[in-house]
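Structure, as structure tokens:
The values are calculated or read from the model by the stated rules, or taken from the named source; none is laboratory data. Bear in mind the structure is a predicted one, so any value in this text is a computation, not a measurement. FYI the Cβ positions are ideal-geometry reconstructions off the backbone, even for glycines, and counts take in every protein chain you see.
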Amino acid sequence: MQTSRNPFLFRIVVPVIIVFLVFQLPAQAQTISARIDKEISQYERHLDDLYLYLHQHPELSFMETNTSARMQQEAEDAGFTVTPHFGGNSLVAVLKNGRGPVIMVRTDMDALPLEEKTDLPYASRVVTKTREGVEMHAMHACGHDIHMSVWSGVAHTMAALKDQWHGTLIMIAQQAEERSGGAREMIKAGIFRKFPVPGYILAFHVMPDLPVGTVGYGMGPVFAGVNSVDITVYGKGGHGAYPHKTIDPIVLSARTIMAFQTIVSRELNPLDPAVISVGSIHGGTKHNIIPDEVKMQITVRFYKDEVFNHIKNAMERITKGIAISAGLPEDRWPVVHVADEFTPPLINNPGLAEKCLNIWKTEEPALTLQKVDPQMAGEDFSLYGRTPEKIPVFMFRVGTASPDEYAANQTGEKLLPALHSPHYAPHYKEAIPTGIRAMASAVIGLFQGK
């Protein structure tokens, strides 16, 4: 059976459809991953320059004025509306793109009081003063320079890919993570009152013993809670030649430190991880003088609030008991003071972590995903998940070791420098693109409801 042919259909409409498909199909076939890579390649030189600038101009906690100004410029150049000096040197950058979810991305900005010993041509040679007026070297030994570079790359990528998502993106650059005060100050300043409350908050941290191209993840506990304890041990001073006429606080401190080691090993559930480390002990002025007092500074790491409370109570009980056993009167019992530097454990929201994993597996199959164990380091990013809003948070890891270094580390031939080491030299040229791919694809996927 023959059918009649419409000349208009074949001469005009069909060619138009073919031309449309020829030009449209490549655009549709161009994945989000490919578009992210295109943005990375366009900004590659800028991101290199940004990283080197940040690395060579580190600023200590609560002193990140120039760093904050540079982050403000990066966000404004990407089209964000920026609120600077929010809770100190922190800033809030907002990009509105129609109706939809609200998602927040955070970076930290501060460096550490360390002298860099990498011998790199772009090594930090900065000497500065702390807030207390002490002259110190400064170095980005925790990778915050990579964090900020990725943050800038994500800001530009999200602005360029606005056709792929709808909603409000809030990107915050936070001061003073190293001293655990920056997040607290932003929350106190009203980050969740003065700006839209996000449905999710994401961040990442570099990881020296993961290879570049690898994204580490954890569900549930990932970083420990941290608190600082100051203890003053009192005694009865005197001449070192007549110890029987004194009550030696140095000996009492030694007994106390050894007794503290049994708190974790004999008082806590073996399945509840905790660390008690004495970082500083000071007492006395001269060889032959037994002092009146000794001061100790201690860090406590934990994953449950009740574990920290048990440790604190045990410290008070042990120090008091040792003082009594030495014959000290009540007014000379030790003083146990918990410093106002509490950082809660960082608990990744399992549902949010699972969403991001599924997005990466679908949109960024080239990324190597690796589950990483919880660590006893602390991160004040955890505070954003502890507010009354109960916002799901997720922090992932980005590897910074070269393949050769990683292989040597795995075989024991080479020990990779850890975070906070003056020898830490991340492979930033590979790590920064990985961070941008992981963060941008996750954020776009979350906006799309994946």
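Numbers at a glance
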{"quantity": "Some residue of region 62-74 being of a type in the set (Val, Ile, Thr), closer than 15 Å to HIS156 by Cα and modelled with pLDDT of 95 or more", "calculated": "no"}
{"quantity": "Residues of region 169-184 satisfying the condition of being aliphatic (A, V, I, L, M) and in contact with a Gly (Cβ under 8 Å, 6 or more places away or on another chain)", "calculated": "ALA176"}
{"quantity": "Failed item in (1) assigned to a loop (DSSP other than H, G, I, E, B); (2) at pLDDT 95 or above; (3) in the same structural domain as PRO433 (by TED's automatic domain parsing), with LYS355 passing the rest", "calculated": "(1)"}
{"quantity": "Residue match in region 246-258 (condition: surrounded by fewer than 21 Cβ atoms within 10 Å (Cβ to Cβ) and closer than 20 Å to GLY378 by Cβ)", "calculated": "no"}
{"quantity": "Candidate set: region 204-223, residues that are under 9 Å from PHE396 (Cβ atoms) and of a type outside the set (Val, Ile, Thr); chosen: the one surrounded by the most Cβ atoms within 10 Å (Cβ to Cβ)", "calculated": "PHE204"}
{"quantity": "Long-range neighbours under 7 Å by Cβ, at least six apart or interchain, first residue more than 16 Å from ASP248 (Cα to Cα) within region 315-334, second of a type in the set (Gly, Ala, Ser) and modelled with pLDDT of 95 or more", "calculated": "ILE318/ALA259"}
{"quantity": "Segments classed as strands (runs of 3 or more DSSP E), wholly inside region 277-352, with at least 1 members that are surrounded by fewer than 19 Cβ atoms within 10 Å (Cβ to Cβ)", "calculated": "293-302, 335-338"}
